[in-house]
Amino acid sequence: MLKVKNLKASVSDDSEKKMDILRGIDFDVKAGEFHLILGVNGSGKSTFGKVLLGSSQYKQTSGSIEFFGEEISEKPTFERAQMGLFLSHQSPPALEGISAKEILRAADKQSEDKRTLFRFKKALKESLDASGLSHDFIERDLNVGASGGERKKMEIASLLTLGARLAFLDEIDSGLDVDALRMVSEGVNKFFENKENAVILVSHSETILKYVSPTHVHVFCGGKIVASGGMEIAEKIHKDGYASVQDCKNCISQ
């Protein structure tokens with residue numbers, strides 16, 4: 001599904017001394033896989049997701065990104081989204097003057113699977129139920145007056161409604177109480193029930209791992225992947241800290 005080779009990226013500005021934030025990422029994802037990304041603050045985790053979606057904040061300086069066998073490095077963000085890439089906001093914004101339903105319907109019209117209004121409304125209601133949101137929530141201006149938990153639930157409802165294939169969830173669990181975390185996790189698991197889909201989850205917390213079951217774990221440090229494996233890596237880090245990963249020691253000391 002996703003094949004990333006030697007990906008390097010820096011901040012998009014005019015500085016002559018730009019340094020790569022991502023410094024050679026190799027990352028493959030197949031359908032039916034659930035990848036967990038761990039790493040200290042500033043290690044490049046969120047940057048990786050934004051570069052995958054073509055954020056204007058960053059410039060890809062080297063490497064390739066293939067999605068379903070097609071090189072997408074030069075594609076604008078909306079085309080990558082139309083192909084099935086989804087990126088959740090770490091801090092979902094509030095937008096006045098437009099409802100969540102209007103935004104999702106506009107996005108849905110641009111997808112390859114052009115659904116009727118009836119099918120769209122049915123999918124949206126099912127997504128709201130799975131995310132623990134009331135049906136009237138989407139009639140309000142997007143996230144205006146919403147709690148942090150409601151905003152994260154809206155991210156999951158959007159994911160389920162739009163029919164993405166690969167979800168990059170950037171700290172979807174941060175700032176949630178136990179009930180909101182459970183509902184968000186159930187939404188993630190519902191998306192992952194379809195084994196033609198795949199998930200990349202960035203998290204600092206071990207709590208969400210009570211509800212979801214990653215198949216792969218990666219540790220980012222200094223813009224590189226310094227360790228990959230199974231859940232034993234996450235368990236070791238949550239028990240002994242990042243110092244237990246040999247190549248993380250330099251990052252922690254900086």
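The values are calculated or read from the model by the stated rules, or taken from the named source; none is laboratory data. The structure presented is a predicted model; accordingly, all values stated were derived computationally and were not measured. Don't worry about glycine lacking a Cβ; one is built from the backbone with ideal geometry, like all the others, and counts go over all protein chains shown.
Identify, from the list F34, F67, F27, F48, the residue that is touching a Pro at 6+ places or on another chain (Cβ under 8 Å), at pLDDT 95 or above and on the phi < 0 side of the Ramachandran plot. Lay out the reasoning, then the answer.
Working: F67 fails: touching a Pro at 6+ places or on another chain (Cβ under 8 Å); F27 fails: touching a Pro at 6+ places or on another chain (Cβ under 8 Å); F48 fails: touching a Pro at 6+ places or on another chain (Cβ under 8 Å).
Sole residue among the options that is touching a Pro at 6+ places or on another chain (Cβ under 8 Å), at pLDDT 95 or above and on the phi < 0 side of the Ramachandran plot: F34.
Select, from G175, G145, G187, G149, the only residue that is of a type outside the set (K, R) and under 19 Å from E33 (Cβ atoms).
On the way: G175 fails: under 19 Å from E33 (Cβ atoms); G145 fails: under 19 Å from E33 (Cβ atoms); G149 fails: under 19 Å from E33 (Cβ atoms).
After ruling out the rest, the residue left standing is G187.
Is at least one residue of the range 15-32 of a type in the set (S, T, Y), surrounded by fewer than 16 Cβ atoms within 10 Å (Cβ to Cβ) and in contact with a Ser or Thr (Cβ under 7 Å, 6 or more places away or on another chain)?
If we filter the range 15-32 for residues that are of a type in the set (S, T, Y), which is where we start, we get 15.
Remaining after also requiring surrounded by fewer than 16 Cβ atoms within 10 Å (Cβ to Cβ): 15.
Checking the rest, the ones that are also in contact with a Ser or Thr (Cβ under 7 Å, 6 or more places away or on another chain) come to none.
The answer is no; no qualifying residue exists.
Limited to the range 120-152, what total is found for residues that are within 18 Å of S91 (Cα to Cα), acidic (D, E) and in a helix (DSSP H, G or I)?
1
Within the range 92-108, does at least one residue satisfy the condition of being in contact (Cβ under 8 Å) with a residue 40 or more places away in the chain, within 30 Å of G241 (Cβ to Cβ) and part of a loop (DSSP other than H, G, I, E, B)?
yes
Looking only at residues that are basic (K, R) and farther than 22 Å from K5 by Cβ in the range 194-248, which one is nearest to the chain's Cα centre (by Cα)? Don't jump to the end; show me each part of the working.
So in the range 194-248, the residues basic (K, R) come out as 195, 210, 224, 236, 239.
Still in the running and farther than 22 Å from K5 by Cβ: 195, 210, 236, 239.
Numbers: K195: 17, K210: 19, K236: 24, K239: 25 Å.
By that ranking, first place goes to K195.
Scanning the range 201-212 for residues that are at pLDDT below 95 and out of contact with any Asp or Glu (no Cβ under 8 Å at 6 or more places or on another chain), which turns out surrounded by the most Cβ atoms within 10 Å (Cβ to Cβ)?
Top of the filtered list is L209.
Is it the case, given these coordinates, that Q90 is surrounded by fewer than 16 Cβ atoms within 10 Å (Cβ to Cβ) and closer than 29 Å to V226 by Cβ?
Details: surrounded by fewer than 16 Cβ atoms within 10 Å (Cβ to Cβ): no; closer than 29 Å to V226 by Cβ: yes.
Criteria not met by Q90.
Let me confirm something: among D170, D129, which residue is buried (at least 20 other Cβ atoms within 10 Å of the Cβ), of a type outside the set (V, I, T), farther than 19 Å from G32 by Cβ and at pLDDT 90 or above?
Working: D129 fails: buried (at least 20 other Cβ atoms within 10 Å of the Cβ).
After applying the criteria, what remains is D170.
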